[in-house]
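A quick write-up on the structure given underneath.
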Amino acid sequence: MVIDELRPMEAVPDAETAVDRLETLHAGATQALQAALNRYLEHRIPPDATERLQFRYPELRLTYQPTGPLPRLNRATAKFQAPGLYATTVTQPGYFRAYLLEQLRPLVRDYGAGIEVGLSAQEIPYPYIVEPGTDLGGSGVSASDLATLFPVPLLSVVGDEVADGLWLENPGDPRPLALFDGVRTDYSLRRLVHYTGSDWREIQPWILLTNYHRYVDGFVRHGLERLAAGEGERLVLPGGIVVERAEAASADPAALIAASPWHKYQMPAYHLVGRGPDGAPQGTTLVNIGVGPSNAKTITDHLAVLRPHCWLMVGHCGGLRQSQTIGDYVLAHGYLRRDRILDDLVPPEIPVPALAEVQIALQSAAAAVTGERADALKRRLRTGTVVTYDDRNWELRFTQERRRINLSRAIAVDMESGTIAAQGFRLRVPYGTLLCVSDKPLHGEIKLPGAANAFYERAVAEHLQIGLATLDALRSDRAGLHSRKLRSFDEPPFR
């Protein structure tokens, strides 16, 4: 980047030009930062104040000054709530190109918004441009040395104030254009690599979350079958294991899983990578989040910056009704949130609504995969409230919990679903839950050792297929998926 590019914000004529400009500015800033870092590591020549001005995120600004009333639009996103100036910093604009265009085009077309692009005042922390696996310690330079010369992550400028409704308008300052700015997004992109063992670019916008590793076996088999049938581009496993389409027919699922160092990662992820006509990701990701609401919140905090189209919880639960049978399904339409982890952000008294489009897709997929209809399907699939606990041993205090469970009319208990749904509500990502009953703790029915494997083989395969079929249905008809139920009265324009 040259000094000439440090000029103020520049007006651009359309969305395409804006994204092109964002890409140029981001590439120039990251290349300048990388070059300065390499020079210091090799020759101990630090950047001066003028050079450091280049290490900044690009900024996108939209101005809406109507000459009449605001347009009345039914869509949930790409809407202005009021006239004024809106702004956000942007990272990785090349990756987010399709998303940015999808948001910008309607704002220009329907509102006549003016667009400006330039460098912001927000610095790019140097750890976010260092490739994973790079050993800076081998250079003999300490992290404290680098922190005095290069931008570092600052907790004071990374937060979810916009998503959590804590943003306060200051006269003269732009309103937020998006839920997440550049530095918040970069923070999560790096955490996704750490937790999932995958390059964040491989994560697809249609996401299944599970709490059992056995679902991985089925997903890998499914991915290979899809590739062999000519669908998708590749299958990516944790640790950089990649199967291209041409290799899928001869690949051994068990050998692939064994070769992948999935056990090194807290929440390993698996990706069936696909692209839409616009080049945007359109495949499916499965993340084994493990057990508990802490993991559920952690991974969804980070997945949300990718602006996925939907995440679904497909895991196991305890059935709470005598009429349920091990292997039955629970379609959650409400949550008794006893996970406690989101109580300050989404207090338990705030309702987390069921999303009609997702509920219908889940029930339709269950009917298609099981082949059951009407009363037969109702016997297998029950709709109701799920209790989500933060204590796996909640049964030990059943005398205290019994009345609350009874009042809620809950039909199942788990440790993740309520958290994942509340996070979808909080972070504006469509969500849903379909659980499989693996035991009945109130009725003394547990999976006996001999029957456990048979149950898992039968139930997991069918359950996973229902989840995948649901995402296929939603992917083919996105109309209404990004619901107005997820938007507030002072929502940022971008989804």
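The values are calculated or read from the model by the stated rules, or taken from the named source; none is laboratory data. Everything numeric here is computed off the predicted structure, so don't read it as measured data. Positions of Cβ are generated from backbone atoms using ideal geometry, with glycine treated the same way; all protein chains shown enter the neighbour counts. Side chains included, ligands, DNA and RNA excluded: accessible areas come from the protein's heavy atoms. Shrake-Rupley method; radii C 1.70, N 1.55, O 1.52, S 1.80 Å.
With every protein chain present, what accessible area does T370 have (1.4 Å probe, heavy atoms only), rounded to the nearest 10 Å²? It works out to around 30 Å². DSSP bridge analysis restricted to the chain gives an antiparallel fraction near 55%, rounded to the nearest 5.
Placing a pseudo-label 7 Å from each Cα along the Cα-to-Cβ vector at D20 and I350 gives an inter-label distance of 4.1 nm. The residues of segment 128-212 have, on average, 46 Å² of accessible surface per residue, using a 1.4 Å probe with all protein chains present. Spatially, segment 139-165 and segment 166-196 are offset by 14 Å when compared through their Cα centroids. Separation of segment 12-56 from segment 216-270 is 36 Å, based on Cα centroids.
Solvent-accessible surface of segment 1-88, averaged per residue with a 1.4 angstrom probe and all protein chains in place: 51 square angstrom. Of the residues A304, G315, L377, the one whose Cα sits farthest towards the positive end of the charge dipole of segment 300-386 is L377 (charges of +1 on Lys and Arg Cβ, -1 on Asp and Glu Cβ, taken about the Cα centre). Between Q322 and T50, the simple label model (points 7 Å from Cα in the Cβ direction) yields a spacing of 8.4 nm. Put simply, the amide H of V387, placed in the peptide plane, has neighbours under 5 Å in L336, I411, A412, V413, D414, leaving out anything fewer than 5 places away on its chain.
V242 to E42: FRET efficiency via 1/(1 + (r/R0)^6), r the Cβ-Cβ distance, R0 45 Å, to the nearest 0.05? Efficiency computed from Cβ-Cβ geometry: 0.90. Near I350, no amide H atom lies under 5 Å from its own; only residues 5 or more places off or on other chains count, and H is placed 1.01 Å from N. Every helix of 4 or more DSSP H residues in the chain counts as -39500 (n - 2.57), and over all residues that averages to -11500 deg cm²/dmol at 222 nm. For the pair A27 and L377 in one chain, pulling the backbone fully straight at 0.36 nm per residue adds 120.6 nm over the alpha carbon distance.
Can you give me the Cα centroid spacing of segment 399-441 and segment 277-316 in angstrom? Their Cα centres are 18 Å away from one another. Using a ≥ b ≥ c from the Cα gyration tensor of segment 131-210 (square roots of the eigenvalues), is it rounded, prolate or oblate, where a/c under 1.5 gives rounded and otherwise the larger of a/b and b/c decides, a/b for prolate? It comes out oblate by the Cα gyration axes. Here's the picture: a label point sits 7 Å out from the Cα of N74 along the beta-carbon direction, and within segment 456-477 the residues with their amide nitrogen under 19 Å of it are 477.
With an a/c value of 1.5 or above and a/b not larger than b/c for the gyration tensor axes a ≥ b ≥ c computed over the alpha-carbon atoms, segment 189-235 is described as oblate. For segment 394-439, the share of accessible area belonging to carbon and sulfur comes to 51 percent (1.4 Å probe, ligands and nucleic acids excluded). The L168 and D472 beta-carbon pair, evaluated with R₀ = 35 Å, returns a calculated FRET efficiency of approximately 0.25. Remark: segment 325-338, residue by residue, has Karplus-estimated 3J(HN,Hα) of 10, 4, x, 5, 10, 10, 9, 6, 10, x, 9, 9, 8, 10 Hz, where x stands for each Gly or Pro and the curve is 6.51 cos²θ - 1.76 cosθ + 1.60 at θ = phi - 60°. Amide hydrogen proximity for I124: with H placed 1.01 Å from N in the peptide plane, the residues at 5 or more positions away or on another chain lying under 5 Å are R56, Y57.
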